[in-house]
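Asker: I have a structure I would like to understand better, so I am pasting it below and will then ask my questions one at a time.
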Amino acid sequence: MGSKVSRGESIVTLVFGYPGTGKSSYPFVLARFLNAKCNKRISCCYVRCDRFAYETLVNPQMIAQLQQAYEWAKSNTPVIWIFDEVDSLVPRRYLVPHMRPWFLDFLDRVEIDEGFLVIGITNNPENLDDAVRRRIMRSPIYFEPTPPDVLKRIIRAYLDTERCNEIYERLSNELNKLNLRVLAGSLVRACSYVRKACQDIAQMTVDQIVEELMCHIGAESKTSLG
């Protein structure tokens, strides 16, 4: 996909899957990889759609900023254009009605232009506008939940403990009670927090470690859901 863009082709796609699986970082990793492999500078345009959609409700003229960015991108191809949380911008129920025609027109234009890779990112593709979903789900990329062995290695690496299997199983059980998953991004942040906050992890029991991890993961989950 990236090599096609570097050769001047244009691609529109959707990246979707569980939270915390690396979807938002994927386009930037891809850009760095292409910069190194193709010896060609790949530009990036990033739109955080949930914030932009709210700001556009207050000031509809902000859509002009997207048009200005598009004009800049046309003269700086190849470019990766990232719409993070794209279902906030063009949902099935229109919070920002004037965004839908602009977005569909934008997809029409970039497919004619050369050197565009447009990536929409979402946890919930079913929330997208039907017409938009049909356009950007032609070659979707699905991010699966992180395998347990990877999560165990995160615990071992960050907490420097061989009790990673027991910690992982206990943590999974506690999160299941709350209908939550162990996700790589949340686990890395929780382990980093515990490592900084607790003086001697080796002296802590598994229950104490899991309790500390749960405090951080639980607080993060409430923030993301709230």
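Asker: From the list ILE141, ILE121, pick out the single residue that is touching an Asp or Glu at 6+ places or on another chain (Cβ under 8 Å), in contact (Cβ under 8 Å) with a residue 60 or more places away in the chain and of a type outside the set (Phe, Trp, Tyr).
Answerer: ILE121 is the lone residue from the list that is touching an Asp or Glu at 6+ places or on another chain (Cβ under 8 Å), in contact (Cβ under 8 Å) with a residue 60 or more places away in the chain and of a type outside the set (Phe, Trp, Tyr).
Asker: For the structure I just gave you, tell me whether VAL182 is farther than 22 Å from SER25 by Cα and of a type in the set (Val, Ile, Thr).
Answerer: No: the conditions fail for VAL182.
Asker: Here's another thing I want to ask about it. I want to confirm something. Restricting to region 49-97 and keeping residues that are surrounded by fewer than 16 Cβ atoms within 10 Å (Cβ to Cβ) and not in a helix (DSSP H, G or I), which single residue is modelled with the lowest pLDDT?
Answerer: So the residue we want is LEU95.
Asker: Is it true that some residue in region 151-167 is closer than 30 Å to PRO78 by Cα and either assigned to a helix (DSSP H, G or I) or of a type in the set (Phe, Trp, Tyr) (or both)?
Answerer: From region 151-167, those closer than 30 Å to PRO78 by Cα are none; that's our starting set.
No, because not a single residue in region 151-167 is closer than 30 Å to PRO78 by Cα and either assigned to a helix (DSSP H, G or I) or of a type in the set (Phe, Trp, Tyr) (or both).
Asker: All but one of (1) under 30 Å from MET204 (Cβ atoms); (2) touching a helix residue (DSSP H, G or I) at 6+ places or on another chain (Cβ under 7 Å) hold for PRO91, so report the exception by its number.
Answerer: For PRO91, the exception is condition (1).
Asker: Could you look through region 145-168, keep only residues that are surrounded by fewer than 13 Cβ atoms within 10 Å (Cβ to Cβ) and farther than 13 Å from VAL182 by Cα, and pick out the one that is farthest from the chain's Cα centre (by Cα)?
Answerer: Per the stated criteria, the residue is GLU162.
Asker: Return the total of residues in region 46-70 being touching a residue at least 40 places away in the same chain (Cβ under 8 Å) and over 17 Å from VAL86 (Cα atoms).
Answerer: 0
The values are calculated or read from the model by the stated rules, or taken from the named source; none is laboratory data. If you're wondering where the values come from, they're calculated on a predicted model, not measured in any experiment. Here Cβ is always computed from backbone atoms with ideal geometry, including for glycine, and neighbour counts include all displayed protein chains.
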